[in-house]
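*Asks:* Below you will find the structure I want to go over with you.
Only the coordinates and a few stated rules stand behind these numbers; no lab work does. All values reported here derive from a predicted model rather than from experimental measurement. Quick reminder, even Gly has a Cβ in these numbers, built from the backbone with ideal geometry, and neighbours come from all protein chains shown.
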Amino acid sequence: MRISLPHGDAGGGFGAESSPSRDLLSRVHMDGPLSLALLTAAVLGLVVLYSAGQENIGLVERQSVRLALSFMVMIVLAQVPSHQLQVWTPWLYLGGIVMLVAVLLVGETSKGAQRWLDVGVRFQPSEIMKLAVPMMMAWYFANRPLPPQFRHLLVAVLIPGVPMLLIAKQPDLGTALLVGSAGAFALFLGGLSWTIILGSVATVGCIAPVVWEFGLHDYQRQRVLTFLDPENDPLGAGYHIIQSKIAIGSGGLYGKGWLNGTQAHLDFLPEGTTDFIFAVFSEEFGLIGVCMLLALYAVIVGRSLYIAASAPDTFSRLLAGSIALIFFVYVFVNAGMVSGLLPVVGLPLPLISYGGTSLVTIMGGFGMLMSIYSSRRWLSQ
Amino acid sequence: MSTPVADPTLNRRMPRVKNLSQERRLFSRRALLALFLVLAGLVGLVVRLAYLQIVHHDLFVTLSESNRIKLRPLPPTRGQIFDRNGVLLADNLPSYRLEITPEDVTDMDAVLAEIGARVELSESDIARFQKLRKRSPAYDSIPLRLNLKDDEVARLAVDLHRFPGVSIQADLTRHYPLGAHAVHVLGYVGRIDEKDLQRIDEQQYRGSTHIGKNGVEKSYEDTLHGKVGFQQVETNAQGRALRVLEQTPPSPGENIYLTIDSRLQAIAEQALSDYNGALVAIDPRNGEILALASMPIYDPNPFVNGIDVASYKALITSHDRPLFNRALRGVYPPGSTIKPLMGLAGLEYGVTTRGKPVYCRGFYRLPGQSHRFRDWRRGGHGTVNLDRAITESCDVYFYDLALNIGIDRIHDYLAQFDLGTLTGVDLPGEKPGLVPSQAWKEATHRKPWYAGETLIAGIGQGYMLTTPLQLAHFTATLANRGQGFKPRILYATQEQESHELHTEAPRPLPPVPVKDSRNWEAVVTAMTHVVHSGNGTARKIGIGIGYTIAGKTGTAQVFSLGQDERYNARRLAKNLHDHALFVAFAPADDPRIAVAVIAEHGGGGSATAAPIARKMLDAYMAMKP
């Protein structure tokens, strides 16, 4: 099988693996270690969900269906060669922008935010951007020299910047943050010079107060203020954080044991099955359990970065690396928020939190990673 | 798809050709760096989690437990109150209230209508219910009707099963079965208010709604209340109790037995019912108060759960002042009832002797003054000694005696009988009364003491003020020949569980010293002559009696007459009539009861007060000793 690639990278040096199970996985373009880690996380998620959801088996069943669907999405995307993804990229990105504009014009409002678009099925276009933005960044720099040159930076900032603003306007701070960081990761992995990186950090430091004053909604500002001192408003805005810290802290080293977490079981912990499921996990399995969960996430991110580093072409490298780091942002922001390190931005704990929308995008991303992983073998054949 | 290297347009846009192997190395370096940052972030998270889960673990465990576990108070049952013979005076009755748990009711309006058909529901009942319902969580049981009548309970109970969420709750309400009987002794309980909160241990009253407001209910609050119990309940975030983890049962308050004899108390209230006034009866052998009545009386039961405004206003604006405890707080001039003590003082100070005669011509004049201090008998008593002076209540004798003793010595002597000071009775609100002295007048009025004021002090008028309790108390001390006891109302306490009675011991006071014990007999004998001799002021009550009474009449002026005016009851308004007083004990040689009676505006002591005292003494003498 001979496939023409946009930038045929010699790469080389990849020996074909030959164990039987590897063969089976190879045939469906799956990476063994990554698949295993993802599957482990998903099963762990169902176990915690059963406890967090007051032992409601229906909840677990619905989440199992969603997990199965998103794993299928992953497998399907893994079959698409990465150069094919590259061809689709601009259209996906442009389509995403159009839908984001449409959301702001005719979108449906739920819980105070206009995020939904109803075209037969209800979905959030911002989810698409979580993948479309890193793809577009990779696409843009695929043909341009790296490290990124100063004259390409304007476009490189606009690619994540435009959707980021559109999403922030909905408003959806968490997703906007992810989309923006996706752009930043692509630039970082592309080798952006330290001068520019530090310069931008300094600039952001200067305009942040201005954004604080004029660019944030009251509820967003309140979230940050509450984060700084949640005890100030223990029954209102700070209640989530206080209760989740109590859940984590009372778990101790060994945890209270599965199904024994009182914070979640007696309803003290709000959003215990969704955004705050990390607190339930910490309460029931303790520091030891949490360290193991974080180690599992480290394996997923590490393996993804390895796949990225061994990818044959610039597009694949940048895309794979960005997806790996976005996944980490999910974990870090969620765990940081639940443990009171970071402001409350509504990001789920990937693979563990109840809910399907972000799961599909996350697993879609891993599908692309798988595809990139197997494309180096296609090359070597 | 063409190779980009071959594309001339791309070449134009890309003056610097991509260096692919350099890009790969650069990416690998950055990916490695990113991995380090990721690991650093994860380590940061672990540090944070360790800070919460290890360093502050104890704090969060405590917070989690206090989240989860609520302490629910279990109020103790209040002790009952009995008289000395076990007659129930205060108990706790179950009162029934109708409650609805909204979350168990599907159609509230229909249920309310159905209930309304069975029990009386007023507009305000429903309004209050709806108001509480908005404020309370749906699983909370909300009262709809309080104090259901027995027939209402019966009617509801029959088909209560048809109304899920509707329940009849019983709790205990203080009840005084004899109504107004002995109300000034018992007092009453009422809802705890702001003022109460300042003096109680709030922990002990968690879950309690009522507290003693007056009388024994107040002075023995700690004994009656008992100790609160607690239940540890696991609750969820909405406060719904899920299960009981641990419980410490409350220990009920102790029962109290009073020294009051309910039969005597009833007789006292009956005998005094035509007057405003007071009656106190004390056992001189131990200080036990056998009866303590202040008239008029009122029913304490409406006070328990909050008396309505109109009834309360009627009580406090009444000219008869039923809420006023005259026995403890009413201060009256003792009038002639003080004369036996004056005589005793004269003998003790050596100012007079048992036989020393004084000539009474109907008035007394201080040397060099024209003012006549009149005797109650216009023509005078002629020559009188101490015995006759007491028997006939000769004023002139005591004017002379008082002048010779002097006001300061009178003050000191009467103080030995607890006049002018608190008796220390175990009831709240007692007044000390007043026995004047030169120092007292100097301090309060900034004026010197006048000899004329000593004269009228000798017959218990002027500044001198006593409470009915003090009168009974000094009579008891006199009856017991100087050995007094602190008056008390508590006979015994009883633990509700063991039913063991702990009887209170008498509290003897320092005895009043006498130089010659015959002085007691002289005074006591004179007092028997008041009742049992032909010229005694209370001779009318001595008719047809089977035991010996030692007594003394008294009349306290409410209204000062002019120098030449005569007291004429028919011409004076009723509220200017003199107060009638009588103190007595019996039997004179072995006293078992001492009584003091005051009938406000009753006229003379002999006519109104003495017969009331006789009824008490008769009743007591008829009882088994």
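*Asks:* For the pair residue A:54 and residue B:204, what calculated FRET efficiency results from E = 1/(1 + (r/R0)^6), where r is the Cβ-Cβ distance and R0 = 45 Å, to the nearest 0.05?
*Replies:* Plugging the Cβ-Cβ distance into 1/(1 + (r/R0)^6) gives 0.70.
*Asks:* Mean residue ellipticity at 222 nm from the helices of chain B, using -39,500 (n - 2.57) per DSSP H segment of n ≥ 4 over the full residue count, to the nearest 500 deg cm²/dmol? Don't jump to the answer; show the numbers that get you there.
*Replies:* On the way: 23 runs with 220 residues, N = 625.
My calculation for chain B gives -10000 deg cm²/dmol from helical runs alone.
*Asks:* Work out the charge dipole of the range B:465-562 with +1 on the Cβ of Lys and Arg and -1 on the Cβ of Asp and Glu about the Cα centre, then indicate which of B:501, B:522, B:534 is farthest towards its positive end.
*Replies:* B:534
*Asks:* How far apart, in nanometres, would the label points at residue A:36 and residue B:415 be if each is projected 7 angstrom from Cα along the Cα-to-Cβ direction?
*Replies:* The modelled label-to-label distance comes out at 10.2 nm.
*Asks:* Starting from the Cα gyration tensor of the protein assembly as shown, take the square roots of the eigenvalues, sort them a ≥ b ≥ c, and report rounded, prolate or oblate (rounded when a/c is under 1.5, otherwise prolate if a/b is larger than b/c, else oblate).
*Replies:* Working: a/c = 4.32, a/b = 3.64, b/c = 1.19.
The shape class here is prolate.
*Asks:* Still on this structure, please answer the following. Extension gain residue B:109-residue B:273, at 0.36 nm per residue separation less the Cα-Cα distance, in nm?
*Replies:* On the way: separation 164, 0.36 × 164 = 59.04 nm, distance 5.23 nm.
Fully extending the segment from residue B:109 to residue B:273 adds 53.8 nm.
*Asks:* Tell me, B:213, B:356, B:552 in order of fewest to most beta-carbon neighbours within 10 Å?
*Replies:* Sorted ascending by nearby Cβ count, the order is B:356, B:213, B:552.
*Asks:* At 222 nm, what helix-only mean residue ellipticity would chain A give, in deg cm²/dmol to the nearest 500, using -39500 (n - 2.57) for each DSSP H run of four or more?
*Replies:* Result for chain A: -23000 deg cm²/dmol, rounded to the nearest 500.
*Asks:* Apply the a/c threshold of 1.5 to the C-alpha gyration tensor of the range B:400-502 and tell me whether it is rounded, prolate or oblate.
*Replies:* Prolate is the answer for the range B:400-502, as a/c is 1.5 or above and a/b outweighs b/c.
*Asks:* Give me the net charge of residue B:217's neighbourhood, meaning all other residues with Cβ under 10 Å from the Cβ of residue B:217; Lys, Arg count +1, Asp, Glu -1.
*Replies:* +3
*Asks:* Now for a separate question. Could you give the size of the charge dipole of the protein assembly as shown about its Cα centre, using +1 on the Cβ of each K and R and -1 on the Cβ of each D and E, expressed in debye and rounded to the nearest 20?
*Replies:* That gives the protein assembly as shown a dipole magnitude of about 2040 debye.
*Asks:* Counting pairs of Cα atoms in chain B, how many percent are more than 36 Å apart?
*Replies:* When every Cα pair of chain B is considered, 54 percent fall beyond 36 Å.
*Asks:* Not counting the cut sites, what is the longest span of chain A without GluC sites (Glu not before Pro) that DSSP labels loop and that have at most 16 other Cβ atoms within 10 Å?
*Replies:* Longest gap between qualifying sites, sites excluded: A:56-381.
*Asks:* Placing +1 on the Cβ of each Lys and Arg and -1 on the Cβ of each Asp and Glu in the range A:107-216, which of A:202, A:182, A:145 has its Cα farthest towards the positive end of the resulting dipole?
*Replies:* Value: A:145.
*Asks:* Still on this structure, please answer the following. Only bridges with both residues in chain B count here: give the DSSP antiparallel percent, nearest 5.
*Replies:* Values: 75 of 78 bridges.
In chain B, approximately 95 percent of DSSP beta bridges are antiparallel ones.
*Asks:* A further question on this structure: When only C-alpha pairs under 8 Å and at least 6 residues apart count, what is the relative contact order of chain B, in percent?
*Replies:* In percent, rounded to a whole number, it is 13.
*Asks:* While we're on this one: Kirkwood hydrodynamic radius, computed over distinct alpha-carbon pairs, for the range A:117-215: how many Å, to one decimal? Write out the running numbers ahead of the final one.
*Replies:* Values: mean 1/r = 0.0689 Å⁻¹.
Kirkwood hydrodynamic radius for the range A:117-215: 14.5 Å.
*Asks:* Separate question: Taking other Cβ within 10 Å of each residue's Cβ, how do B:417, A:278 sort, fewest first?
*Replies:* Starting with the residue having the fewest Cβ neighbours, the order is B:417, A:278.
*Asks:* Follow-up question, since we're still on this one. Using the charge dipole of chain B (Lys, Arg: +1 at Cβ; Asp, Glu: -1 at Cβ; taken about the Cα centre), state which of B:260, B:245, B:586 has its Cα farthest towards the positive end.
*Replies:* So the residue we want is B:245.
*Asks:* Same structure again: Go ahead and set up a Gaussian network model of chain A, Cα springs under 10 Å, then flag whichever of A:51, A:244, A:200 fluctuates most.
*Replies:* A:200
*Asks:* Have a look at A:188, A:123, A:332 and tell me which one the Gaussian network model of chain A (Cα, springs below 10 Å) gives the largest fluctuation.
*Replies:* Top of the fluctuation ranking is A:123.
*Asks:* Longest span of chain B, sites excluded, free of GluC sites (Glu not before Pro) in DSSP loop with at most 13 other C-beta atoms within 10 Å? Show your work: numbers first, answer last.
*Replies:* Details: sites that count: B:120, B:202, B:497, B:500, B:565.
Answer from the scan: B:203-496.
*Asks:* Rounded, prolate or oblate: pick one for chain A, where a ≥ b ≥ c are the square roots of the eigenvalues of its C-alpha gyration tensor, a/c under 1.5 means rounded, and failing that, prolate if a/b is larger than b/c, else oblate.
*Replies:* oblate
*Asks:* Please identify the helices of chain B, taking whole runs of DSSP H, that span at least 30 Å along their own axis as judged from the Cα atoms and have a mean Kyte-Doolittle score of 1.0 or higher.
*Replies:* Values: long enough: B:20-50 (44 Å, 1.15).
Those that clear 30 Å and a mean of 1.0 are B:20-50.
*Asks:* Taking neighbour Cβ counts within 10 Å as the exposure measure, how do B:578, B:320 sort from fewest upward? Could you put the intermediate results ahead of the total?
*Replies:* Working: B:578 24, B:320 13.
Final ranking by Cβ density, sparse to dense: B:320, B:578.
*Asks:* Here's a follow-up. Relative contact order of the range B:72-254, please, whole-number percent, based on alpha carbon pairs below 8 angstrom and at least 6 residues apart.
*Replies:* Reported as a whole number, the value is 32 percent.
*Asks:* Based on DSSP, what percent of beta bridges with both residues in the protein assembly as shown are antiparallel, to the nearest 5?
*Replies:* Taking every DSSP beta bridge with both residues in the protein assembly as shown, the antiparallel ones total about 95 percent.
*Asks:* Most mobile of A:88, A:258, A:212 per a Gaussian network model of chain A (Cα springs, under 10 Å)?
*Replies:* In the Gaussian network model the winner is A:212.
*Asks:* Would you kindly derive the ³J(HN,Hα) couplings of the range B:282-298 from the backbone phi angles with the Karplus curve 6.51 cos²θ - 1.76 cosθ + 1.60 (θ = phi - 60°), listing them in order in whole Hz, with x for Gly and Pro?
*Replies:* 10, 7, x, 6, 8, x, 6, 7, 7, 7, 8, 10, 10, 10, x, 9, 9
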